[in-house]
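**Q** Encoded as structure tokens, here's the structure I'll be asking about.
The values are calculated or read from the model by the stated rules, or taken from the named source; none is laboratory data. Everything quoted here is computed from the prediction, not taken from an experiment. Because the Cβ atoms are built from the backbone with ideal geometry, glycine has one as well, and the counts that use them run over all protein chains shown. For accessibility, only protein heavy atoms count, side chains too; no ligands or nucleic acids. Shrake-Rupley method; radii C 1.70, N 1.55, O 1.52, S 1.80 Å.
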Amino acid sequence: MALKKANILIVDDDYDMLELVQRQLQEQNFHSYKAASVVEAINILKYNAVDLLITDLQMPGIGGMELIKYVEEHFPKVPKLVITGYPSIDGALSAMKSGALDYLVKPFTTEELKTSVEKTLPKQSLRSKDNTPSNGKTMVYAGIVGQSKEIELLIDLIERVRNNRATVLIQGESGTGKELVARAIHYKGSFAANPFIAVNCGAIPEDLLEAELFGYKKGAFTGANENRDGFFQAAARGTIFLDEIGTAPLTVQTRLLRVLQEKEVRRIGEQKAHKIELRIIAATNSDLQKMVENGSFREDLYYRLNVMHIETPPLRNHKSDIPLLAKNFLKKYAAEYAKPNIEFTPKALQVLERYDWPGNVRELENVVQRAIIMSEHNIDIEQLPDYFKYPAPTISSISKSLQQVEKEHILKIMASVDNNKTRAAEILQIDRKTLRKKLK
């Protein structure tokens, strides 16, 4: 089902409540932003089209009542819904007098929230978006190609955030195009003329990542022979894309949190911090919530990164897009390899669509590129890897040992990524050292 037109901002210092309200709104097909403080909420309001504010009243520092008063005068058309765990007649009256249209007491049910939202929102905001294709028409958007509902939703989310500086967290399996989404947000938006800096946090050694991100002052450590700006300074007024953010050590997470909170960067060895204006997009194929639970990722950083959440769908969930994607890659590499007239046979496309693609779109691109190299004319089944084809009858896997099943699966993944151990380890969610042991 399509998202409704309304953008809803939820403000609460209780992270569990933020998650709960967001899930309840998602069930009703609403798009939402999250803020853990009034200051964060005001920043989101400045740069985003918000159709409804849902705020707690009791928060440390600046309370929700101050936010209601601010919004009433600076954004008078934005309706306000108050939620609180400390019900009182005085609090309700004060909120209503300051411009709130409704008042919910925690804990509340999904139905109670739905009723309040429907009562508070303008009627036109309750209708689903109908300005994007949903009739099987091919969509091409900043390199994103497809005709499925999943791609339609993805493009809709990019459209909602592209012209503002709200922090975005992109989550999805390896190979689903997280960097492609980040680039679409930047280059389709208002800041496209400014820098886009992509940083793979997992590819930079831990002891160097902090210096690479934030820069350093001459003499800050051994080898710091000159003043040097980091990736954050290079991305000023544009976008910094932090891929594999789950691999960042806690020291880097702490400094990143300060950038998000204070909008300033301090180079290593320097006392003075410098204000910086940029958009942060982070991406991961890890479960950050589990990492928060086991203490390897800061909870406060997770919620500040997750103001806007985008999920890149695995290819197996939108198989109808496989022929389009395959033909798109065919066009790209056919020109590169000087084979302009090459095409897929219907049978080859059928086999491609049948496969589950554990390596997702990246694996599909690799397979198409390989098939073009192997083909003289059209791409048929013969040019596809053997593991795509109907398997020979074998002994049931029930009769196999766990070690046998595991090794067969690893070899299949290795074949799908042209024996690239780094990519295979990412898909299998193990490190390269473990992969090498299992391949022996």
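Yes/no matrix, rows are residues, columns are (1) touching a residue at least 40 places away in the same chain (Cβ under 8 Å); (2) in contact with a Leu (Cβ under 9 Å, 6 or more places away or on another chain); (3) open to solvent by less than 10 Å² (accessible area, probe 1.4 Å):
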| site | (1), (2), (3) |
| --- | --- |
| GLU210 | yes, no, no |
| LEU213 | yes, yes, yes |
| LYS217 | yes, no, no |
| GLU226 | no, no, no |
| PHE232 | yes, yes, yes |
| ILE245 | yes, yes, yes |
| LEU256 | yes, yes, yes |
| GLU262 | no, no, no |
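**Q** Considering only residues that are part of a loop (DSSP other than H, G, I, E, B) and either open to solvent by 30 Å² or more (accessible area, probe 1.4 Å) or in contact with a strand residue (DSSP E or B) (Cβ under 7 Å, 6 or more places away or on another chain) (or both), look in the range 185-204 and name the one that is nearest to THR422 (Cα to Cα).
**A** ILE204
**Q** Next question, about the same structure. When you look at THR251, is it among the polar types (S, T, N, Q) and open to solvent by 60 Å² or more (accessible area, probe 1.4 Å), yes or no? Show your work before the answer.
**A** Numbers: among the polar types (S, T, N, Q): yes; open to solvent by 60 Å² or more (accessible area, probe 1.4 Å): yes.
For THR251, the condition - among the polar types (S, T, N, Q) and open to solvent by 60 Å² or more (accessible area, probe 1.4 Å) - is met.
**Q** What's the total number of residues in the range 163-184 that are assigned to a helix (DSSP H, G or I) and more than 11 Å from the chain's Cα centre (by Cα)? So that I can check it myself, show each step before the final result.
**A** Going residue by residue through the range 163-184, those that are assigned to a helix (DSSP H, G or I) are 178-184.
Filter again for more than 11 Å from the chain's Cα centre (by Cα), leaving 183-184.
Matching residues across the range 163-184 total 2.
**Q** State the number of residues belonging to the range 319-366 that are within 20 Å of LYS178 (Cβ to Cβ) and aliphatic (A, V, I, L, M).
**A** Number of matching residues: 5.
**Q** So is ILE281 open to solvent by less than 20 Å² (accessible area, probe 1.4 Å) and among the hydrophobic types (A, V, I, L, M, F, W, C) or not?
**A** yes
**Q** If only one of THR55, THR84 is at pLDDT 90 or above and closer than 20 Å to LEU20 by Cβ, which one is it?
**A** Numbers: THR84 fails: at pLDDT 90 or above.
Going through THR55, THR84 in turn, the sole match is THR55.
**Q** Next question. Looking at ILE151, ILE240, ILE158, which is the one that is more than 28 Å from ASN317 (Cα to Cα), among the β-branched types (Val, Ile, Thr) and buried (at least 19 other Cβ atoms within 10 Å of the Cβ)?
**A** From the options ILE151, ILE240, ILE158, the qualifying one is ILE240.
**Q** Condition check: at pLDDT below 90 and assigned to a helix (DSSP H, G or I). Does LEU45 satisfy that?
**A** yes
**Q** With respect to LEU315, is the statement that it is in contact with a helix residue (DSSP H, G or I) (Cβ under 7 Å, 6 or more places away or on another chain) and within 24 Å of ASN48 (Cβ to Cβ) true?
**A** Details: in contact with a helix residue (DSSP H, G or I) (Cβ under 7 Å, 6 or more places away or on another chain): yes; within 24 Å of ASN48 (Cβ to Cβ): no.
It is false that LEU315 is in contact with a helix residue (DSSP H, G or I) (Cβ under 7 Å, 6 or more places away or on another chain) and within 24 Å of ASN48 (Cβ to Cβ).
**Q** Still on this structure, I have one more. Name the one entry in TYR390, TYR355 that is modelled with pLDDT of 90 or more and of a type in the set (Phe, Trp, Tyr).
**A** On inspection, the qualifying residue turns out to be TYR355.
**Q** What pairs can you find where one residue is in the range 169-190 and under 14 Å from MET308 (Cβ atoms) and without any contact (Cβ under 8 Å) to a residue 60 or more places away in the chain, the other is in a loop (DSSP other than H, G, I, E, B) and open to solvent by 10 Å² or more (accessible area, probe 1.4 Å), and their Cβ atoms are less than 7 Å apart, with a gap of 6+ or different chains?
**A** Listed by first residue and then by second, the contacts come to ALA184/ALA142; ALA184/GLY143; GLY189/ARG162; GLY189/ASN163.
**Q** Identify, please: which residue in the range 393-418 is over 22 Å from GLY359 (Cβ atoms) and open to solvent by less than 70 Å² (accessible area, probe 1.4 Å) and is, among those, modelled with the highest pLDDT?
**A** For the range 393-418, the residue satisfying everything is SER401.
**Q** Which condition number does VAL78 fail, the rest of (1) at pLDDT below 90; (2) over 23 Å from the mean Cα position of the chain (by Cα); (3) outside any helix (DSSP H, G or I); (4) not hydroxyl-bearing (Ser, Thr, Tyr) being met?
**A** (1)
**Q** Hey, can you tell me all the residues within the range 367-383 that are at pLDDT below 90 and open to solvent by less than 30 Å² (accessible area, probe 1.4 Å)?
**A** SER375
**Q** Now for a separate question. Hey, ILE155 hits all of (1) out of contact with any Phe, Trp or Tyr (no Cβ under 7 Å at 6 or more places or on another chain); (2) in contact (Cβ under 8 Å) with a residue 12 or more places away in the chain; (3) part of a helix (DSSP H, G or I) but one; which does it fall short on?
**A** The failed condition is (1).
**Q** Moving on to the next point. Among (1) under 28 Å from LEU411 (Cα atoms); (2) among the β-branched types (Val, Ile, Thr); (3) free of Cβ contacts under 8 Å to residues at least 60 places away in the same chain, where does ILE342 come up short?
**A** Result: ILE342 passes all but (1).
**Q** If I ask for residues that are hydrophobic (A, V, I, L, M, F, W, C) and surrounded by fewer than 20 Cβ atoms within 10 Å (Cβ to Cβ), which ones from the range 335-366 would you list? Write out each step before concluding.
**A** Narrowing the range 335-366 to residues hydrophobic (A, V, I, L, M, F, W, C): 335, 338, 342, 344, 348-349, 351-352, 357, 361, 364.
Those that are hydrophobic (A, V, I, L, M, F, W, C) and surrounded by fewer than 20 Cβ atoms within 10 Å (Cβ to Cβ): ALA335, ALA338, ILE342, LEU349, VAL351.
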